[in-house]
Amino acid sequence: MGIAKVLAPVTGAPRDAGVLAAAIAAARPFAAHVMAYFVRPDLTEALAFFTDGVSGVVVDDVVRATQEAGDEAAKRIEATLAATCAAAAVERVAKPVRTGEVTLSLRETQGNFADRLTAAARLSDLIVFPPMREGDQAGLAEAFVQVLVETDRPVLRATDDMPKIFARRIAVGWDGKTAAASALNAAMPYLQNADHVDILSVHRGPPKAEATEGLNEYLALHGVLAEERRIDAGSKRIGEALLEAARGHHADLLVIGGYGSGRLRESLIGGVTRHVIAHADLAVFMVH
């Protein structure tokens, strides 16, 4: 199954332009639809923190400030959408539709950002986020983790400067586990379009032959020819060695499984996945 709908969360921040550009680049090989998704703050959440003794004037001020902030964000989003569509020669449409070319629409809703985005993600083929770094605002990190963990949908962590055409040289981080296999299958539409695919199996000590057994055979059945590369991490972190190998083979997209557990909400993500998300200078495609 190909990619028909790409979800791009927008907030009115400067990084919206990069998210939309990445979503369009991800949609273009399939003439998919891009939905920009704007979640206005939920006033009931803000008001829940006030006690009965708080004056109505203070409550009114909070409501007014929240509404004004949402309106200003909406104006910035409209300006960014207009500039992005013009630069990418993409048609803005009122609702999702496929025309043989990439189309873009805006969906506006209200509520908790992470919850609303997660619900929308369940009916999307790919969700695009900006680069995720340590110290980012909590809401964005929480939404990223919640979408990744709760939806089983593929997530694309973009870069600051996404090429207009990407996923031509793809590196797949492979350890033979379920998460890696899920990511591989979800990325198959991109793998089938790629010019070159590398399978990167990072290990410490003697490599395990069974980790990649049957993988090239499986990919060949899908029309994907790949080169298998075994990398000894040595004293490096697994994530560090994986990124170094991907860069060394000039990949512009890294496909990995998103590992973790319920503790993910306490930090961005754990282990190899956390390192890759925080330090990758190429786009990362992942499935939990």
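The values are calculated or read from the model by the stated rules, or taken from the named source; none is laboratory data. Note that the structure is a prediction, hence the values are computed from the model and not measured. Cβ: placed from backbone, ideal geometry, glycine included. Neighbour counts: every protein chain shown. Calculation scope for accessible area: heavy atoms of the full protein, side chains included, ligands and nucleic acids excluded. Shrake-Rupley method; radii C 1.70, N 1.55, O 1.52, S 1.80 Å.
Couple of notes before you dig in:
- Inter-residue pairs, beta-carbon under 8 Å, first within 18 Å of A183 (Cβ to Cβ) and in the range 264-279, second open to solvent by 60 Å² or more (accessible area, probe 1.4 Å) and at pLDDT below 55, 6+ apart: G270/S261; G270/R263
- Any hit, the range 178-200, residues being within 25 Å of H288 (Cβ to Cβ), of a type outside the set (V, I, T), modelled with pLDDT under 90 and under 26 Å from the mean Cα position of the chain (by Cα): yes
- So E68, is it touching a Phe, Trp or Tyr at 6+ places or on another chain (Cβ under 6 Å), farther than 24 Å from A283 by Cβ, at pLDDT 85 or above and not hydroxyl-bearing (S, T, Y): no
- Where S55 falls short, out of the listed (1) of a type in the set (S, T, Y); (2) over 24 Å from D252 (Cβ atoms); (3) modelled with pLDDT of 95 or more: (3)
- A Cβ distance below 9 Å, combined with a sequence gap of six or more or placement on separate chains, defines the contacts here; from the range 17-29, residues that are within 17 Å of G2 (Cα to Cα) reach residues that are open to solvent by 30 Å² or more (accessible area, probe 1.4 Å) and of a type in the set (V, I, T) in the pairs A25/I165; R28/I165; P29/I165.
- The single residue among E228, E244, E217, E240 that is at pLDDT 90 or above, open to solvent by 70 Å² or more (accessible area, probe 1.4 Å) and part of a strand (DSSP E or B) turns out to be E228.
- Restricting the range 108-124 to residues that are in a loop (DSSP other than H, G, I, E, B) and among the polar types (S, T, N, Q), the residue that is least open to solvent (accessible area, probe 1.4 Å) is S124.
- Cβ-Cβ contacts under 9 Å between residues 6 or more apart (or on different chains), taken from a first residue in the range 179-202 that is more than 17 Å from D152 (Cα to Cα) and touching a residue at least 12 places away in the same chain (Cβ under 8 Å) to a second residue that is of a type in the set (V, I, T) and part of a helix (DSSP H, G or I), are listed as I199/T212; S201/T212; V202/I238; V202/V272.
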